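S.K.: Here it is: the structure, laid out below.
The values are calculated or read from the model by the stated rules, or taken from the named source; none is laboratory data. Predicted model, so just to flag it, every value in this text is computed and none were measured. With ideal geometry, Cβ positions are generated from the backbone for all residues, glycine too; neighbour counts draw on all protein chains shown.
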Amino acid sequence: MFEFLTAKFEDLFYKIRNKGKLSPQDLEVALREIRMALLEADVNFKVVKEFLENIKARALGQNILESLTPTQQVIKIVNDEMIKMLGSGSSDASFAGKPPTVYMLVGLQGTGKTTATIKLADFIKNKYQRKVSVIAADIYRPAAAKQLSDNASQHGIEVYHNEKADPVTIAAEGLDFYRKSGADVIIIDTAGRLQIDADMMNEVAAIKKKVLPHQILLVLDAMTGQEAVNIAQQFNEKLEFDGIILTKLDSDTRGGAALSINHVVKKPVKFISTGEKVEDFDIFHPDRIASRILGMGDVLTLIEKAEKVIDEKKAKELEQKIFKNEMNFVDFIDQMKSIRKMGSLDKIFSMLPVQNRSKVLSNVNMDDSQLDRIEAMVNSMTVQERLKPYIINGSRKKRIAAGSGTSVGDVNKLLKQFSMAQQTLKQFSRPGGNKGFKLPF
Amino acid sequence: MQKLIKNLNFIWNKFRRTNEQFWDEIEEQLILNDVGPQTTSLIISSVRQETLSGNINYIDNIKELLKKHLLDIMEEQSADSGYILSDKAPTVWMLAGVNGVGKTSSIAKLAKFFKDKGKQVLLTAADTYRAAAYEQIDHFAQVLGLPIVHHQRYSDPGAVVYDSLEKAIAKGIDIVLIDTAGRMHTAYNLMEELKKIKKVITKKISREPDETLIVLDSTTGQNAKQQAAIFREAVQPSGIILTKTDGTSKGGIVITITNELKIPVKFITSGEKLDNIEVFDAKKFIDSLFS
């Protein structure tokens with residue numbers, strides 16, 4: 001599931017990552033591609049619009065296009081917004097303080113309520129070792145109660161049904177019956193209904209009023225199109241449901257409904273149903289889905305780590321220094337320490353996307369022991385030497401080498417690398433404004 | 001449906017304000033009706049082209065143009081299609097589709113449709129998989145007073161179909177309607193089973209089923225296109241039954257399906273009553289969007 005969006009975003013990010021700079025036009029193109037992908041995936045039109053507007057506002061508002069890492073920043077913004085859209089935190093089955101816990105499942109015709117009822121019952125029964133019973137409150141569809149009881153009996157679940165009563169009475173009777181027999185959890189399966197069918201909506205509201213369920217779950221077909229948000233919204237207005245069971249995710253649906261609904265209705269997708277078998281039922285993890293769609297969870301961790309260790313004000317000062325050719329070893333070691341705070345180089349590199357890793361590694365060619373040596377050499381310098389590297393002459397080099405347990409050759413190499421870094425950084429840096437800071441290696 | 005009509009009228013009225021906004025709003029309406037972003041942009045760009053080259057800038061004319069364009073797409077496929085009854089009895093129709101789209105309800109509605117025309121109808125319960133699937137279709141058979149052929153749950157659906165056709169031939173039945181189990185188009189084995197059912201029919205009556213109809217839920221979004229494409233690959237459907245049009249979804253995806261996959265819509269259903277079925281009328285369908 002969600003492979004379509006994952007592939008689209010991977011493709012898009014790959015394209016923009018390969019650009020050093022990102023022009024406003026590039027951003028427009030990227031946003032158009034995101035728009036197309038989301039609409040093809042049935043994300044609601046209005047949600048897409050808002051999503052793109054947010055990304056654009058943040059991208060332009062923070063001047064990130066002019067920063068030195070615009071692509072990374074844009075990707076981060078897209079990710080933030082995606083998580084915001086999907087909602088975060090997953091929820092498991094929950095139970096009332098005093099048993100029995102009553103669940104009620106509602107939804108349109110054909111979304112899979114009866115199947116979901118059995119799956120949820122089986123899920124709770126196995127995971128929490130509770131006694132789960134179900135009530136068949138669909139009196140409209142021919143043989144609905146029989147479908148439920150046939151399936152339930154296969155899985156050792158008891159069913160209450162009464163072909164001669166109305167749904168409100170059935171629900172109340174069933175609840176009574178199971179209360180007496182000491183059931184832990186009771187799940188009420190209701191008839192499919194259109195959200196615009198006033199009589200049917202009143203009926204389900206009446207069941208709610210009568211049995212006061214602990215949780216009302218809307219069962220929604222994952223293949224639902226643009227109307228998904230309206231359907232959910234109208235069910236919510238009438239019933240204030242607690243969450244959603246998303247069904248038929250074993251189709252090749254692009255799952256846009258999952259992305260839109262939480263955003264519009266502010267109710268989480270709690271469970272997903274992914275196949276014909278009763279076990280094909282699970283808790284939904286929106287955050288994992290977001291990283292999956294974006295195919296880049298590790299890079300995010302990396303960006304977050306960098307955000308934590310790099311002091312923006314210092315970075316800005318350094319940038320000025322680089323421009324004026326005043327960068328010194330104090331700055332150099334500061335930056336190096338920041339990076340090392342993020343973890344070992346191996347670990348940092350492992351967080352890069354696969355396609356970038358080899359490129360970076362071939363340019364860097366450095367391991368932690370080398371960083372240790374550099375730090376030792378800088379530590380052996382006097383304050384004057386650190387601030388004014390150009391005063392380091394032959395005898396100073398000897399002293400530094402001796403102090404750090406390295407050779408004069410190593411010190412020479414460091415000085416050469418340092419002056420190269422200065423040159424390179426100067427090229428990247430341009431006067432005026434907020435540019436961000438490119439790490440020296 | 002009412003909402004769309006209202007919105008479109010509202011848009012037409014605003015037309016003179018700004019051109020760009022006008023087209024944006026048309027786009028929004030088409031997409032909100034599940035026509036899909038690609039088809040929408042194709043339709044809009046070709047209608048725009050025509051308005052430019054023909055120097056058309058009256059709202060009503062553009063409205064007509066858009067309507068005509070959509071109608072052309074729908075009619076290209078369905079102009080002479082109608083539904084097919086065989087000269088040689090029995091006519092055999094098979095219905096297929098993913099879970100929960102309304103196959104069994106559609107079978108019941110078709111059965112009533114033909115019974116009302118004085119035809120001898122036989123129902124075939126070839127969904128041997130879902131619990132109580134037989135009881136559901138049997139309920140309709142009883143209500144309509146129609147014969148039905150079924151086997152036990154989990155038996156071979158091909159065998160049910162074979163028996164049913166035998167019976168139909170022996171008893172001089174006019175139309176056999178075959179209900180199959182809902183299956184995800186992504187489930188390879190189940191799609192193979194469907195191919196097998198079709199083969200059994202073809203062998204028994206020495207021709208393909210007169211209609212192989214895929215049932216699509218109008219609530220479904222862009223995935224309906226995938227469903228249609230994969231069912232087409234497997235059983236080459238002759239048409240579509242669009243269900244649940246009494247809801248708030250319009251089933252705009254069938255415009256894309258007709259355009260890209262060339263499968264015509266043949267019937268449309270719109271409610272829980274057995275009469276809620278109509279032969280698809282492209283003009284009415286499009287007109288209803290713009291009236």
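S.K.: Given the criteria crowded, with 17+ Cβ neighbours inside 10 Å and either within 14 Å of chain B (Cβ to nearest Cβ) or outside any helix (DSSP H, G or I) (or both), does A:L12 qualify?
M.R.: Numbers: crowded, with 17+ Cβ neighbours inside 10 Å: yes; either within 14 Å of chain B (Cβ to nearest Cβ) or outside any helix (DSSP H, G or I) (or both): no.
No; evaluated as a whole, the condition is false for this residue.
S.K.: May I ask you to list the residues in region A:194-241 that are in a helix (DSSP H, G or I) and more than 30 Å from A:G97 (Cα to Cα)?
M.R.: Restricting attention to region A:194-241, the residues satisfying the condition of being in a helix (DSSP H, G or I) are A:198-211, A:228-239.
Hits for region A:194-241 are A:A198, A:D199, A:M200, A:A228, A:V229, A:N230, A:I231.
S.K.: Also: Just to be sure before I move on: is B:T186 modelled with pLDDT under 95 and in contact with a Ser or Thr (Cβ under 9 Å, 6 or more places away or on another chain) in the structure I sent?
M.R.: Considered against the rule, which asks whether it is modelled with pLDDT under 95 and in contact with a Ser or Thr (Cβ under 9 Å, 6 or more places away or on another chain), B:T186 comes out as yes.
S.K.: Next question. Count, please, the residues in region B:38-68 that happen to be within 17 Å of B:I255 (Cα to Cα) and among the hydrophobic types (A, V, I, L, M, F, W, C).
M.R.: 6
S.K.: Can I ask one more? Restricting attention to region A:218-261, which residues are surrounded by fewer than 24 Cβ atoms within 10 Å (Cβ to Cβ) and not polar (S, T, N, Q)?
M.R.: The answer is A:V229, A:E237, A:K238, A:L239, A:E240, A:F241, A:D242, A:G243, A:L249, A:D250, A:D252.
S.K.: Also, quick follow-up: Only one residue in A:Q147, A:Q109 is within 14 Å of chain B (Cβ to nearest Cβ), of a type in the set (S, T, N, Q), touching a residue at least 12 places away in the same chain (Cβ under 8 Å) and not in a helix (DSSP H, G or I), so which one is that?
M.R.: A:Q109
S.K.: I'd like the full set of residues that are in contact with a Lys or Arg (Cβ under 9 Å, 6 or more places away or on another chain), under 19 Å from B:I197 (Cβ atoms) and among the hydrophobic types (A, V, I, L, M, F, W, C), limited to region B:85-110.
M.R.: Passing the criteria: B:V92, B:M94, B:L95, B:A96, B:V98, B:V101.
S.K.: Where the second residue is in a loop (DSSP other than H, G, I, E, B) and the first is more than 19 Å from B:A224 (Cβ to Cβ) and lies in region B:258-283, which pairs have Cβ atoms under 7 Å and are six or more apart or on separate chains?
M.R.: From region B:258-283, the pairs are B:G271/B:D246; B:N276/B:S270; B:V279/B:Y83.
S.K.: Please enumerate the residues belonging to region B:35-49 that are farther than 18 Å from A:E33 by Cβ and within 11 Å of chain A (Cβ to nearest Cβ).
M.R.: Result: B:V35, single match.
S.K.: Here's something else I'd like to know. Select from region B:144-167 the residues that are of a type in the set (A, V, I, L, M) and either surrounded by fewer than 23 Cβ atoms within 10 Å (Cβ to Cβ) or more than 30 Å from B:I230 (Cα to Cα) (or both) and list them in ascending order.
M.R.: Hits for region B:144-167 are B:L144, B:L146, B:I148, B:V149, B:A159.
S.K.: Could you list, in sequence order, the residues of region B:222-255 that are crowded, with 24+ Cβ neighbours inside 10 Å, within 11 Å of chain A (Cβ to nearest Cβ) and outside any loop (DSSP other than H, G, I, E, B)?
M.R.: Selection gives B:N223, B:A224, B:Q227, B:T243, B:I253.
S.K.: Also, quick follow-up: List the number of the failed condition for B:Y162; all other conditions in (1) free of Cβ contacts under 8 Å to residues at least 24 places away in the same chain; (2) more than 25 Å from the chain's Cα centre (by Cα) hold.
M.R.: (1)
S.K.: All but one of (1) more than 26 Å from A:A37 (Cα to Cα); (2) part of a helix (DSSP H, G or I); (3) among the small types (G, A, S) hold for B:G100; which doesn't?
M.R.: Condition (2) is where B:G100 drops out.
S.K.: Still on this structure: Mind checking which pairs have a first residue in region A:279-294 that is under 14 Å from A:G89 (Cα atoms) and a second that is modelled with pLDDT of 70 or more and of a type in the set (D, E), Cβ under 8 Å, 6 or more apart or different chains?
M.R.: Once the first residue is under 14 Å from A:G89 (Cα atoms) and sits in region A:279-294, its partners that are modelled with pLDDT of 70 or more and of a type in the set (D, E) give A:I283/A:D92.
S.K.: In region B:168-193, how many residues are of a type in the set (A, V, I, L, M) and surrounded by fewer than 24 Cβ atoms within 10 Å (Cβ to Cβ)?
M.R.: Final tally of qualifying residues: 8.
S.K.: Let me ask another. Taking only region B:103-150 into account, find how many residues are in contact with a strand residue (DSSP E or B) (Cβ under 8 Å, 6 or more places away or on another chain) and either basic (K, R) or part of a loop (DSSP other than H, G, I, E, B) (or both).
M.R.: 10
S.K.: Inspect all residues belonging to region A:155-162 and state whether any of them is under 18 Å from B:Q136 (Cβ atoms), over 37 Å from the mean Cα position of the chain (by Cα) and either within 14 Å of another protein chain (Cβ to nearest Cβ) or outside any strand (DSSP E or B) (or both).
M.R.: yes
S.K.: Quick one: is B:I169 in contact with a helix residue (DSSP H, G or I) (Cβ under 9 Å, 6 or more places away or on another chain), more than 10 Å from chain A (Cβ to nearest Cβ) and β-branched (V, I, T)? Spell out the reasoning first.
M.R.: Details: in contact with a helix residue (DSSP H, G or I) (Cβ under 9 Å, 6 or more places away or on another chain): yes; more than 10 Å from chain A (Cβ to nearest Cβ): yes; β-branched (V, I, T): yes.
In short, yes.
S.K.: Quick check on this structure: which one of A:M104, A:M85 is under 34 Å from the mean Cα position of the chain (by Cα) and either on the phi > 0 side of the Ramachandran plot or part of a strand (DSSP E or B) (or both)?
M.R.: A:M104
S.K.: Give region B:271-280 a look and list any residue that's of a type in the set (D, E) and touching an Asp or Glu at 6+ places or on another chain (Cβ under 9 Å), or say none.
M.R.: B:E272, B:D275
S.K.: Quick one: count up the residues across region A:242-264 that are part of a strand (DSSP E or B) and facing chain B (nearest Cβ under 7 Å).
M.R.: Total meeting the criteria: 0.
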